[in-house]
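Novice: Here it is, the structure, as structure tokens.
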Amino acid sequence: MTIANHLKPANRLTPTDSIVILTGAGISKESGLDTFRCADGIWAKVDLEDVATPEGFARDPALVHRFYNDRRRGLLDPAVQPNAAHAALAALERRWKGEFLLVTQNIDDLHERAGSQALIHMHGELTAVFCGHCGHKVERWTGDLSVEDVCPSCIRKGGMRPDVVWFGEMPYQMERIHRALGACDLFLSIGTSGNVYPAAGFVAEARNAGALTVELNLEPSAGASLFAGSVNGPATEVVPAFVD
Ligand code: BJW
């Protein structure tokens, strides 16, 4: 893998420039977590209408709980740890003097475990839950969730759900994300297929703001032609090589 010098942040940016980074499931693949749309991905095994829509949850909450309980247990398996790509982004943030925002579509907590601070989980977090009846949120929920669970605030049963953003629901902190994209000098998209909106539209927003846009992905994504440059390969190799 060679990275064109004109794409390297060190050669393009001044130290106070602003960076926005979007990550997707591909960055956590080498930590042992599944992607969605790869041949062996999550959507090859379960129907997204059943497990990732409010309608699916209303139809069969127990099925949705099993799906997220399995993934929560998988995430908390001691073998699943942040990889070199997560670490490289945390190190970049530590040394960067300008504005820095990491927006992840991932519901795992590998970025924070690697040390990232300015981080938005736009599709929620696997280890948080909230009550669909009263909105009460429990920030850290590491066990299984079931239809029998009672909300600690309104004491009603059956409404507790994972704090994840399903299709048709509004992703989190969109105003803050749009503001950062509108002022950024470098936009990096890492390990995402570019199939899901609004995240798939971020590259156009950043380009309109005059940012350099670069995709780092195993293979060219659906929207690869929208980026000024791309680097293809596994995240644990291309991300450290690009940002270090
Ligand atoms: C590697 C690698 C390695 C592998 N190294 N790389 C028509 C047009 C436009 C929009 C819509 C439309 N119809 C519906 C919509 C809206 C809809 C949408 O986008 N649908 C599309 C399918 C068309 N979006 C929404 O509904 C969103 N909400 C919204 O728009 O709200 C607006 C609104 C307005 C008014 C009222 C209400 C709302 C919400 C989207 C929610 C997405 N949720 C999910 C599941 C929940 C979280 C979870 O369970 O984990 O989020 S879906 C799933 O996809 C998950 C992911 O975050 C998301 C993105 O996936 P990602 O990360 O890109 O993964 P993959 O697998 O697709 O790609 C992995 C990539 O990595 C691949 O390219 C590999 O090559 C690469 N890779 N190994 C580097 N080692």
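Novice: Can you find, within segment 27-42, the residue that is nearest to the ligand (Cβ to nearest atom) among those that are hydrophobic (A, V, I, L, M, F, W, C) and assigned to a loop (DSSP other than H, G, I, E, B)?
Specialist: Looking at residues that are hydrophobic (A, V, I, L, M, F, W, C) and assigned to a loop (DSSP other than H, G, I, E, B), I get F36.
Novice: Which ones in segment 148-172 are surrounded by fewer than 14 Cβ atoms within 10 Å (Cβ to Cβ), under 28 Å from D77 (Cβ atoms) and away from the ligand (no atom under 16 Å from the Cβ)?
Specialist: The answer is E148, V150, P152.
Novice: Right, something else. Mind listing whichever residues of segment 7-26 are outside any strand (DSSP E or B) and near the ligand (Cβ under 10 Å from one of its atoms)?
Specialist: G24, A25, G26
Novice: Please go through segment 53-79 and pick out each residue that is away from the ligand (no atom under 14 Å from the Cβ) and either farther than 30 Å from G158 by Cβ or of a type in the set (K, R) (or both).
Specialist: R59, R73, P78, A79
Novice: So how many residues does segment 107-120 have that are touching a Ser or Thr at 6+ places or on another chain (Cβ under 8 Å) and either hydrophobic (A, V, I, L, M, F, W, C) or not assigned by TED's automatic domain parsing to the domain that holds A199 (or both)?
Specialist: 3
Novice: Among the residues of segment 173-181, is there at least one that is near the ligand (Cβ under 7 Å from one of its atoms) and modelled with pLDDT of 95 or more?
Specialist: no
Novice: So, one more: Identify, by number, the condition in (1) assigned by TED's automatic domain parsing to the domain that holds H178; (2) over 28 Å from D34 (Cβ atoms) that T104 doesn't meet.
Specialist: Tallying (1) assigned by TED's automatic domain parsing to the domain that holds H178; (2) over 28 Å from D34 (Cβ atoms), T104 fails exactly one: (2).
Novice: Turning to a different aspect of this structure: Report whether or not A79 is of a type in the set (A, V, I, L, M, F, W, C) and surrounded by fewer than 18 Cβ atoms within 10 Å (Cβ to Cβ).
Specialist: Criteria met by A79.
Novice: Ok, one more. Among the residues of segment 101-135, which ones are over 27 Å from A235 (Cβ atoms) and either in contact (Cβ under 8 Å) with a residue 24 or more places away in the chain or buried (at least 17 other Cβ atoms within 10 Å of the Cβ) (or both)?
Specialist: Correct list: V129, F130, C131, G132, H133, C134.
Novice: Just need a number here: residues in segment 203-239 that are more than 12 Å from the ligand (Cβ to nearest atom) and either closer than 18 Å to C38 by Cβ or in a helix (DSSP H, G or I) (or both).
Specialist: Total satisfying the criteria: 8.
Novice: Checking the conditions here, which among R95, R113, R66 is more than 18 Å from the chain's Cα centre (by Cα) and within 29 Å of F187 (Cα to Cα)?
Specialist: Answer to the selection: R95.
Novice: Moving on. Here's a check for you: in segment 211-244, which residue that is surrounded by 23 or more Cβ atoms within 10 Å (Cβ to Cβ) and among the small types (G, A, S) is modelled with the highest pLDDT?
Specialist: Restricting to residues being surrounded by 23 or more Cβ atoms within 10 Å (Cβ to Cβ) and among the small types (G, A, S), the top hit is A235.
Novice: Name every residue in segment 107-119 that is in contact with a helix residue (DSSP H, G or I) (Cβ under 6 Å, 6 or more places away or on another chain) and in a loop (DSSP other than H, G, I, E, B), in order of residue number.
Specialist: Once the filter is applied, which keeps residues that are in contact with a helix residue (DSSP H, G or I) (Cβ under 6 Å, 6 or more places away or on another chain) and in a loop (DSSP other than H, G, I, E, B), segment 107-119 yields D108, G115, S116.
Novice: If you don't mind, another one. Which count do you get for residues in segment 90-106 that are in contact with a helix residue (DSSP H, G or I) (Cβ under 8 Å, 6 or more places away or on another chain) and either of a type outside the set (A, V, I, L, M) or within 13 Å of the ligand (Cβ to nearest atom) (or both)?
Specialist: Selection size over segment 90-106: 6.
Novice: A further question follows. Take the conditions of a type in the set (D, E, K, R), surrounded by 19 or more Cβ atoms within 10 Å (Cβ to Cβ) and not in a loop (DSSP other than H, G, I, E, B) and apply them to E175. Does it pass?
Specialist: Criteria not met by E175.
The values are calculated or read from the model by the stated rules, or taken from the named source; none is laboratory data. Since this is a predicted model, take the numbers as computed values, not measurements. Positions of Cβ are generated from backbone atoms using ideal geometry, with glycine treated the same way; all protein chains shown enter the neighbour counts.
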